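J.: One structure, as structure tokens, below. Some questions next.
FYI, it's all coordinate maths here, none of it is from the lab. Keep in mind that this is a model prediction, so the values were computed, not measured. Every residue, glycine as well, gets a Cβ built from its backbone with ideal geometry; the counts of neighbours run over all protein chains shown.
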Ligand SMILES: [Fe+2]
Ligand SMILES: [Fe+2]
């Protein structure tokens, strides 16, 4: 089967648009977080948004291959979420749900790509699916913490390093203000759990 005539090609286009849209929505979310002073939180969201860009980039290369490098205007019909607004706590719940929806889409797309005989694309979909599940866990973790007002609490004592001046404070909670330079708690890096730290 030619890729261009396959369901996998349709899935590539849908995934590409979904990734572009996710990236932009996450930049909205990041914008709100930064505006509210949550610099450390915004850095996590920004990194995830950038990862969505790279998902889109790799999907695009397969679309290019399918069209032999001559990309005409394409009709793409997708269902996209329009939920993120300006509540920085609720936004985190929506992003987690969006990631879950994405992972489900990729799960089906992997199956279809295998059935249609496109193992490389199936492998790409599968790798992206796993990343989306990790994103979901990160957003869910952040949502729970924000909701409970425990974003800057840690189960164990840890070093909270001020991003503005480098001073560190050993405690279970980040200082309300850095004792050295007075930087606000919101600017501090978020302590992600070990299994989510590397992303
Ligand atoms: Fe993605
Ligand atoms: Fe994602």
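J.: Quick check on the chain: helices-only [θ] at 222 nm, where DSSP H runs of length 4 and up contribute -39,500 (n - 2.57) each and the sum goes over total residues. Nearest 500, please.
T.: Using -39500 (n - 2.57) per qualifying helix, the result is -21000 deg cm²/dmol.
J.: Hey, another quick one. log10 I(q)/I(0), Debye, Cα-only the chain, no solvent, q = 0.12, 0.16, 0.17 Å⁻¹?
T.: -0.66, -0.97, -1.05
J.: Which order, highest average first, do 51-57, 67-73 follow once you tally other Cβ atoms within 10 Å for each residue and take the mean per peptide?
T.: With the highest mean Cβ count within 10 Å placed first, the list reads 51-57, 67-73.
J.: Starting from the Kirkwood radius over alpha-carbon pairs of the stretch 4-44, derive D by Stokes-Einstein at 4 °C in a medium of 1.567 mPa s and give it in µm² s⁻¹.
T.: Stokes-Einstein gives a translational diffusion coefficient of 110 µm²/s.
J.: Something else: Grab the beta carbon distance between residue 77 and residue 192, set R0 = 35 Å, and tell me the FRET efficiency rounded to 0.05.
T.: FRET efficiency, residue 77 to residue 192: 0.45.
J.: Under the Kirkwood approximation applied to all pairs of distinct alpha-carbon atoms, what is the hydrodynamic radius of the stretch 14-78 in Å?
T.: Across the stretch 14-78, the inverse of the average 1/r is 13.0 Å.
J.: To the nearest 10 degrees, how steep is helix 119-147 against the longest Cα principal axis of the chain, on a 0 to 90 scale?
T.: With both axes taken from Cα atoms, the answer is about 30 degrees.
J.: Let me ask something else. Based on alpha-carbon positions alone, could you give the equivalent ellipsoid semi-axes of the stretch 158-199 from the gyration tensor, as √(5λ), descending, whole Å?
T.: 20, 10, 8
J.: Output the relative contact order of the chain, whole-number percent, from Cα pairs under 8 angstrom with separation of 6+ residues.
T.: About 21 percent, as a whole number.
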